[in-house]
Amino acid sequence: MQKTLQPHDFALKETYPKIGAVSITGDKLSCTYDLVEQMQYLYVYVVKAKDLPGKDVTGSCDPYVEVKLGNYKGTTKHFEKKSNPEWKQVFAFSRERIQASLLEVVVKDKDFVVDDFMGRAIFDLNDVPKRVPPDSPLAPQWYRLEDRKGDKVKGELMLAVWMGTQADEAFPDAWHSDAVTVGADAIASIRSKVYLSPKLWYVRVNIIEAQDLLPSDKSRYPEVFVKAILGAQALRTRISQSKSINPMWNEDLMFVAAEPFEEPLLLTVEDKVASNKDEILGRCLIPLQNVQRRLDHKPVNTRWFNLEKHIVADGEKKKEVKFASRIHLRICLDGGYHVLDESTHYSSDLRPTAKQLWKSSIGILELGILSAQGLMPMKTKDGRGKTDSYCVAKYGQKWIRTRTIVDSFSPKWNEQYTWEVFDPCTVVTVGVFDNGYIGGGSGVKDSRIGKVRIRLSTLETDRVYTYSYPLLVLHSSGVKKMGELQLAVRFTCSSLVNMLHMYSNPLLPKMHYIHPLSVIQLDSLRHQAMQIVSMRLARAEPALRKEVVEYMLDVDSHMWSMRRSKANFFRIMGVLSGFIALGKWFDHICNWKNPITTILIHILFIILVLYPELVLPTIFLYLFVIGIWNFRRRPRHPQHMDTRLSHADATHPDELDEEFDTFPTSRSSDTVRMRYDRLRSIAGRVQTVVGDLATQGERFQSLLSWRDPRASALFVTFCLIAAIILYVTPFQVICLVGGIYVLRHPRFRHKLPSVPSTFFRRLPARSDSLL
């Protein structure tokens, strides 16, 4: 395979982080959380208080707790008129930034002017116990409040204080000291979270027929079709060929639905009265909860559904009139398919929808998201650039989102996640984004910083890969490096036999091959599935925004791009280069460029002709030797984004502008005309190549078609003579003579084309019949 040379700045770099999986001296943490660096935190768990003194005129208080450590200060919410409040809130202070030696937990009374001091508890950090999972959580204790002089006052506070790491169960939901500048309304948007994609189903609606329709105009033959709507998806059948009140279709419509099913399937039977007017003859609503689920290709039972007609009476008032019209359907939820919600080239899950058809897992994928370096500023605040970055990783149905590191160009997350693996030929995707909610509110989109894809089948099992991946993003101005993302990846195989057996199984579930869907159907259904997934995840808390999900799922990968077309063309040429090189080598053999090699090839050829049973063993042995030879030079690092392969480093600015154009276009008419002419010129070259291929195929057809009677007569005569000669002559002699003739010395060759090629080029094709 041809290798492309990456610019050094865009290359993958191996790193050596201090993680438990590669360190010599491991500890308790490295058993379960060993792909990230340990980050020490001081945890303060504020549980509740009791017997707090009244501060108001009414004898009540509005208490809250303030946790102070040096310059860092975190506060709980306050309760109105409650002397026994309960907070259950965790505060986490990064040990790297701790400069104080005392922790102060103060209970205050919320007031309009100045908050009243009610009492405090002070802890020396040298006396704080250390806790590492899987130790049991530290039990909170009651502490008597003290005044500023150290004397005991009324009221008690239940607390737990300990020193731990990011492996602690309290870490994800804790208030972090590095997010002290984030407002209370944005705290939820910066926390880490695990999401699950909704369970997607294909809904197959086989519309068979309708009976006893009542069109308003009985003097004409009705032109009836059925329109089906499920959420934002709308499909319709063709107009029935039987133009009567009992039309027939027998047509399949496919939709995507997600559990829990929120919207029913709406079917309307309509009559095309005029070119721009359709009359509704009846409709029915079908809740998907009541639809039969099937796991294989066996047809489900058909059902008749009554149609209801809606008429408008008394202005806006709608009245339902039930009548005898009905529609015949076969409807089911197809659980034997895998609902594609991501690009097929980067699929992270290939299992069918129905859980009964799932096979056991073959291993575990562990991903440690360590840190990033050199991130570019994504927004400005107070005249300076800043970045509030977080990571999103997607594999299978499980999405993870790290916490947001506020205002840092070198964030450290050190979060580790685990997935079950059911197929090694899948891809995990990790994206880095800037949190637009911080400083911008809910109306500002999250900006993409970069993305990394890792194919599991390229990883060695049980090996820890620690690399720094360049975050490359293509802008309208060109490719740009937005920083580097440091990851630690380990793929552990639970059963080598099961994993190797997966390579003999079909990539997709068997329903994709027994009842295949068309390419157009798959593209449409994939687009609908992406929209459903992005909409559902955007409703989570904190929301995984639509622009984030679409970027992770490559929602625009099907759009036209001159750059991608060039990249794919040169990929094809790279594949064919091996065959071209083989052809050149054979031409050198035939022309005796290296006499010794040519003589050896003659000897090998004669041996294979005399002993034909050695042909296949020789071929496979040759492939085996090449494979063993290449094993020494096998790739030792995962694949990553390649700017040369993508043709992103030498693309014309206008081609990039075209790639980032909206659909439909928003450019001027002159620009569109220029691009259209360029596309026409490219299409003209493709048209010429396709025409040449068609010409060669038609010449083969004309050998026996007698379109050229003299050429067909010559070919038929040749076939008869060849059959007689081959019958009476041993096959080995034929092969030997033919091979020696092909490998003959240049002295016995001439530069004119051979007789067979000349004869073939003279054959007629249908190109002369084209207008």
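Summary of values
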item: Cα Rg, Dmax, the range 39-184, angstrom units; result: 15.1, 49
item: At most 16 other Cβ within 10 Å, DSSP loop - trypsin sites (Lys or Arg not before Pro), the range 196-302; result: Lys199, Lys218, Arg220, Arg238, Lys243
item: Descending principal axes extents, the range 374-481, alpha-carbon based, whole Å; result: 49, 28, 23
item: Sparse-neighbour loop sites [chymotrypsin sites (Phe, Trp or Tyr not before Pro); the range 503-554; at most 16 other C-beta within 10 Å; DSSP]; result: Tyr503
item: Charge-dipole axis of the range 577-689 as Lys and Arg at +1 and Asp and Glu at -1 on Cβ define it, positive-most pick from Ala650, Ser668, Phe620; result: Phe620
item: Efficiency of FRET from Cβ geometry, Asp523 and Arg749, R₀ 60 Å, rounded to 0.05; result: 0.70
item: Share, in percent, of DSSP beta bridges within the range 363-551 that are antiparallel, nearest 5; result: 100
item: Gained length - Leu102 relative to Ile682, 0.36 nm times residue gap less alpha-carbon distance; result: 201.6 nm
item: Cα-derived Rg over Rh, computed across the chain with Rh taken as Kirkwood radius; result: 1.07
item: Portion, in percent, of the accessible area of the chain that falls on carbon or sulfur, probe 1.4 Å; result: 58
item: 5 angstrom amide H check on Arg191, placed H, neighbours 5+ away; result: Thr404
item: Placed amide H near Gly450: partners under 5 Å, 5+ positions off or other chain; result: Val432
item: Lys50-Ser219 pseudo-label distance in nm [points 7 Å out on the Cα-to-Cβ vector]; result: 8.9
item: Charge dipole magnitude, Cβ of K and R +1, D and E -1 - the range 39-184, Cα centre, debye nearest 20; result: 120
item: Peptides 451-458, 73-80, 671-678 ordered by average Cβ neighbours within 10 Å, highest first; result: 451-458, 73-80, 671-678
item: Segments 468-480, 422-434 sorted - mean Cβ within 10 Å per residue, highest first; result: 422-434, 468-480
item: Span from the the range 665-718 Cα centroid across to the the range 141-166 one, whole angstrom; result: 85
item: Violating pairs (Cα-Cα greater than 24 angstrom) within the set Lys73/Lys451; Lys110/Lys149; Lys88/Lys110; result: Lys73/Lys451
item: Point-to-point label distance, Thr344-Lys277, nm (Cα→Cβ direction, 7 Å offset); result: 4.5
item: Among Tyr469, Met482, Pro424 - extreme Cα towards positive end, dipole of the range 407-551, charges at beta-carbon; result: Met482
item: Two-site FRET efficiency, Ala581 against Val625, from Cβ-Cβ distance with R₀ of 22 Å, rounded to 0.05; result: 0.80
item: Charge dipole (the range 74-140, unit charges on Cβ, about Cα centre) - positive-most of Pro134, Val106, Phe123; result: Pro134
item: Span-rule helices in the chain, defined as complete DSSP H runs reaching 15 Å or more along the axis (Cα) with Kyte mean at least 0.5; result: 595-610, 615-631, 709-728, 731-742
item: Average accessible surface area per residue within the chain, 1.4 Å rolling probe, Å²; result: 57
item: Global form of the range 493-595, assessed from the alpha-carbon gyration tensor, a/c cut-off 1.5; result: prolate
item: Spin-label zone in the range 257-271 - amide nitrogen under 13 Å from a point set 7 Å from the Cα of Glu308 along the C-beta vector; result: 266-267
item: Spin-label zone in the range 531-566 - amide nitrogen under 11 Å from a point set 7 Å from the Cα of Phe663 along the C-beta vector; result: 555-561
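The values are calculated or read from the model by the stated rules, or taken from the named source; none is laboratory data. Quick caveat, the model's predicted, so the values are computed rather than measured. For neighbour counting, all protein chains shown are included, and Cβ atoms are generated from backbone atoms with ideal geometry for every residue, glycine included. What goes into the accessible areas is simple: the full protein's heavy atoms, side chains included, and nothing from ligands, DNA or RNA. Shrake-Rupley method; radii C 1.70, N 1.55, O 1.52, S 1.80 Å.
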